[in-house]
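Just below is one structure, and these are the notes that go with it.
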Amino acid sequence: MLVALAGLLKLKRIKSGFWLLGIVLNSFGVQAQEYVRPAADFDRLTQELFAEIQSDQVPYEDLYETLLQYYQTPLNLNTATREELRGLLLLSESQITNLLEYRQQRGALLTLYELQVVPGFDMRSIYRAAPFVTAQVAGGSNGLRGPLWQRVLQEDNNALFVRYERVLQGRKGYAAVSLDSSGQGPTRYVGSPDKLLVRYRVSHTKDFSLGFTAEKDAGEQLVWNPKSRRYGPDFLSGHLVVQERGRLKTLAVGDYQLQFGQGLLLSSGLQVGKGAETITTLRRSSVGVRPYSSVLETTFFRGAAATVSVAPTVRATAFVSRKRVDASVQFAADSLAEFNEFSSGFQLTGFHRTPAELANRQALRETVAGGNLSYTSRSSNFTAGLTAVDTYFDKAIQRRPELYNRYEFRGRHNMAVSTQYSYVHGNMLLFGETARSSSGGIGTVNGLLASIAPTFDVSVLMRHYARNFHTLYGNALSENTRNINESGLYLGAKLRPLARWEMSAYYDQFWFPWLKYQVGAPSRGHDWLVRLAYAPTKTSLLYAQLRTREKEYDAAGDRPAPLPVPTIRRSILLYYDANPTSTLGLRTRVQGTRYRENNGPWRTGYVLAQDATVGVGRRLRLTARYALFDTDDYDTRQYVFEQDVLYAFSVPALSGQGTRVYGLAEITCSRHLTFWLRVAETHYRHQQTVGSGLEEIAGPRRTDVKAQARYRF
């Protein structure tokens, strides 16, 4: 087999021959055998892509779900387009260009090991991308493998997940209450404290995806009442997506996501934004229509979408979506008001645990339709497109009459149109998108990525979102949580001065020309980060990171006019990940924060966390963490990534003083069945209660239990 492989390499690449084979075998220390994709380390990859996250606004569920999709249906490096390679967010533009040129000159990759001889690919890049890509020689059409129903039944990538979660301590929202003479009592949750999730999915790369998801959050009921649109679990989702049917490239029915251009109008999935990866995550990619199987109840479309190839270089996408969203509906007190019935805004939590939350459930009907027309040159170096999104609500949106809401979206209808482009010239990529909403507001984002040298990359991005620019499904790079009322300039760089060493940094200056919540005047700020990373071996990583963010908020106290004053947050992070043996993994994390408002005293917070992972035989894997935290207040709280059951995430906010411990067991019962059990406990010192409101716990501890089973058919 070794001789046959060498002969094949020699015939296919006369210039490479046994030299390439020698590099492969010597570098990886393997013998001729079938390549097996490594398991994905979602936690480590998330920490590499993100900066030191100190926010509860990051869509972790979307991030993990997108990584899951790539892991289940890996990207074929032999057939992937430039846009699809960009969508992975793990490859630089120069690496993508080099890979495409390598394919064109030498043909398809025989194995992922061959990436070592593609210019620009170092070992760290290869190992980071390996779980999410494959190198398969393109076969015939999907139809040659039999009818769709037969391919679904025979697919190996076919699994059912069942997950259960619960907080062991009693919480105020579940306590029994006594009613008064009128039958009234304090608000309580209507359902049980159990959280349940059932997810099934079967998929094949560039062929099909079929799945459904059912979730009941803690405090919600399992109710069958079609009149109130309740069918057992509170949230239900399902999809069927077929791909590559001749001119029909994608057809999605059910729940799906859309991403075009730089995400000004349509953006979903893996959106990292500002982080320690300062180059590849800056630009978006037009991955088009994708299946949706997450449990976020607001970030998807429900209906149908299709992409067709109009010509070899032109594709057209059309979509229509109609679903109900949560909103607080009110009636006008004045008969002369513009709207008799309206909503002051959307409810995005997805919780329906109390009578008030149930009253807002699916109170607003949303209809969205639109499409995208895109052109890609035969060389794939130039792309251009046009996107249109038309949104209609059955009840008007009317924000509260606060001055900062003056230019917010109001009414029932919003139409937005954008143009997008990208152009590759040598080692430089230019990209951007400009949009206009029906209010007349303009949004634009334009950037540049360039490889100044093989070891030095830079990035520049300018953005401007007018105060009356309205995009309801957009998520382009911004400091705000939405693309409105902001201008900014982002500068990033990545340097690899020596083998195994890497330095990344960015500086972002932003302005808010109109008022914001808690900011009664135009304001500005800046944000910078520096990270120095060293990878002693292919499985170990050490890095140190500094970050400073300064923004303005209204000063406390009564004043004749609002006075925005600077608020500064400075953070430091030290992280070490190593595998001393093949069965032992250790992770150490030390992070701290200093916080100051209006030149006042500094407040501090820190956390020290030690993780250990042990493999016991082939069927058991144990992980544990012990962490100490101490913060002066909630403003200095610490967010720390934790390992969780497969395809779940945990990033608790640690505030006050105490300890955080958890244990995770992964048990491989058989080839088909895998089981996970996780127990986590936070113990607070000097506190008599944990949490607030209906989540309040009497006592200083909170214990969470999570169990999950996966059955592969």
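The values are calculated or read from the model by the stated rules, or taken from the named source; none is laboratory data. In this text the structure is predicted, and so the values were computed from the model without any measurement. Using ideal geometry, Cβ is built from the backbone for each residue, glycine included, and neighbour counts are taken over all protein chains shown.
Structure above, values below:
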{"read-out": "Index of the failed condition, Glu681 passing every other in (1) of a type in the set (D, E, K, R); (2) touching a Lys or Arg at 6+ places or on another chain (Cβ under 8 Å); (3) farther than 21 Å from Gly173 by Cβ", "value": "(3)"}
{"read-out": "Residue identified as polar (S, T, N, Q), closer than 18 Å to Gly87 by Cα and crowded, with 19+ Cβ neighbours inside 10 Å among Ser237, Ser203, Ser268", "value": "Ser268"}
{"read-out": "Residues located in the stretch 567-586, provided they are out of contact with any Phe, Trp or Tyr (no Cβ under 6 Å at 6 or more places or on another chain), free of Cβ contacts under 8 Å to residues at least 40 places away in the same chain, surrounded by 15 or more Cβ atoms within 10 Å (Cβ to Cβ) and of a type outside the set (A, V, I, L, M)", "value": "Arg570, Tyr576, Gly585"}
{"read-out": "Lone qualifier among Asp644, Asp630, Asp635 - being out of contact with any Leu (no Cβ under 8 Å at 6 or more places or on another chain), at pLDDT below 95 and acidic (Asp, Glu)", "value": "Asp635"}
{"read-out": "Whichever residue in the stretch 553-566 is over 29 Å from the mean Cα position of the chain (by Cα) and not hydrophobic (A, V, I, L, M, F, W, C) and, among such residues, is surrounded by the most Cβ atoms within 10 Å (Cβ to Cβ)", "value": "Pro564"}
{"read-out": "Residue match in the stretch 580-587 (condition: of a type outside the set (S, T, N, Q), over 28 Å from Tyr490 (Cβ atoms) and at pLDDT below 90)", "value": "no"}
{"read-out": "Criterion (under 18 Å from Ser418 (Cβ atoms), aromatic (Phe, Trp, Tyr) and surrounded by fewer than 20 Cβ atoms within 10 Å (Cβ to Cβ)) met by exactly one of Tyr392, Tyr375", "value": "Tyr375"}
{"read-out": "Number of the exception - Pro291 against (1) more than 26 Å from Phe161 (Cβ to Cβ); (2) surrounded by 18 or more Cβ atoms within 10 Å (Cβ to Cβ)", "value": "(1)"}
{"read-out": "Unmet criterion (only one of (1) free of Cβ contacts under 8 Å to residues at least 60 places away in the same chain; (2) surrounded by 15 or more Cβ atoms within 10 Å (Cβ to Cβ)) for Ala535", "value": "(1)"}
{"read-out": "Qualifying positions in the stretch 691-713 - in contact with a Phe, Trp or Tyr (Cβ under 6 Å, 6 or more places away or on another chain) and part of a strand (DSSP E or B)", "value": "Ala707, Gln708, Ala709, Arg710"}
{"read-out": "Residue match in the stretch 272-291 (condition: hydrophobic (A, V, I, L, M, F, W, C) and more than 16 Å from Gly474 (Cα to Cα))", "value": "yes"}
{"read-out": "Count - residues of the stretch 88-108 that are more than 21 Å from Ala39 (Cβ to Cβ), of a type outside the set (S, T, N, Q) and not in a helix (DSSP H, G or I)", "value": "2"}
{"read-out": "Filter pass, Ala218 being in a strand (DSSP E or B) and of a type in the set (Gly, Ala, Ser)", "value": "no"}
{"read-out": "Verdict on Val651 being surrounded by fewer than 20 Cβ atoms within 10 Å (Cβ to Cβ), more than 26 Å from Glu65 (Cα to Cα), out of contact with any Leu (no Cβ under 6 Å at 6 or more places or on another chain) and hydrophobic (A, V, I, L, M, F, W, C)", "value": "no"}
{"read-out": "Given (1) under 30 Å from Asn78 (Cβ atoms); (2) at pLDDT 85 or above, index of the condition Leu144 fails", "value": "(2)"}
{"read-out": "Ala80 being modelled with pLDDT under 85 and among the aliphatic types (A, V, I, L, M)", "value": "no"}
{"read-out": "Of residues in the stretch 610-641 being under 24 Å from Arg549 (Cα atoms) and in a strand (DSSP E or B), the one nearest to the chain's Cα centre (by Cα)", "value": "Tyr639"}
{"read-out": "Residues of the stretch 688-700 that turn out to be out of contact with any helix residue (DSSP H, G or I) (no Cβ under 6 Å at 6 or more places or on another chain), on the phi < 0 side of the Ramachandran plot and either small (Gly, Ala, Ser) or surrounded by 15 or more Cβ atoms within 10 Å (Cβ to Cβ) (or both), as a count", "value": "6"}
{"read-out": "Test: residue in the stretch 297-306 that is out of contact with any Lys or Arg (no Cβ under 7 Å at 6 or more places or on another chain), closer than 30 Å to Thr73 by Cα and aromatic (Phe, Trp, Tyr)", "value": "yes"}
{"read-out": "Top-ranked residue in the stretch 294-312 [being surrounded by fewer than 23 Cβ atoms within 10 Å (Cβ to Cβ) and small (Gly, Ala, Ser); ranked as farthest from His352 (Cα to Cα)]", "value": "Ala311"}
{"read-out": "Scan of the stretch 163-194 for residues that are surrounded by 16 or more Cβ atoms within 10 Å (Cβ to Cβ) and of a type in the set (A, V, I, L, M, F, W, C), ordered by number", "value": "Val167, Val190"}
{"read-out": "Those residues of the stretch 121-136 which are under 23 Å from Ile452 (Cβ atoms), of a type outside the set (A, V, I, L, M) and modelled with pLDDT under 85, in sequence order", "value": "Asp122, Arg124, Ser125, Arg128"}
{"read-out": "Answer residue from the stretch 287-300, given it is assigned to a strand (DSSP E or B) and closer than 14 Å to Leu240 by Cβ and is farthest from the chain's Cα centre (by Cα) among those", "value": "Val289"}
{"read-out": "Within the stretch 446-493, tally of residues that are closer than 17 Å to His526 by Cβ, modelled with pLDDT under 95 and not charged (D, E, K, R)", "value": "3"}
{"read-out": "Check on Asp577, out of contact with any helix residue (DSSP H, G or I) (no Cβ under 8 Å at 6 or more places or on another chain) and within 24 Å of Gly275 (Cβ to Cβ)", "value": "no"}
{"read-out": "Residue match in the stretch 514-527 (condition: among the aliphatic types (A, V, I, L, M), under 27 Å from the mean Cα position of the chain (by Cα) and not in a loop (DSSP other than H, G, I, E, B))", "value": "no"}
{"read-out": "Inter-residue pairs, beta-carbon under 7 Å, first without any contact (Cβ under 8 Å) to a residue 40 or more places away in the chain and closer than 18 Å to Glu642 by Cβ and in the stretch 603-630, second outside any strand (DSSP E or B) and not polar (S, T, N, Q), 6+ apart", "value": "Ala627/Val640"}
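This table checks each residue for (1) closer than 21 Å to Thr588 by Cβ; (2) modelled with pLDDT under 95; (3) assigned to a loop (DSSP other than H, G, I, E, B).
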{"site": "Leu498", "(1), (2), (3)": "no, yes, yes"}
{"site": "Gln509", "(1), (2), (3)": "no, no, no"}
{"site": "Thr539", "(1), (2), (3)": "yes, yes, yes"}
{"site": "Glu550", "(1), (2), (3)": "no, no, no"}
{"site": "Ala561", "(1), (2), (3)": "no, yes, yes"}
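Let's see how each residue does on (1) outside any loop (DSSP other than H, G, I, E, B); (2) among the basic types (Lys, Arg); (3) modelled with pLDDT of 70 or more:
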position: Leu45; (1), (2), (3): yes, no, yes
position: Ser55; (1), (2), (3): no, no, no
position: Glu61; (1), (2), (3): yes, no, no
position: Leu67; (1), (2), (3): yes, no, yes
position: Tyr71; (1), (2), (3): yes, no, yes
position: Arg86; (1), (2), (3): yes, yes, yes
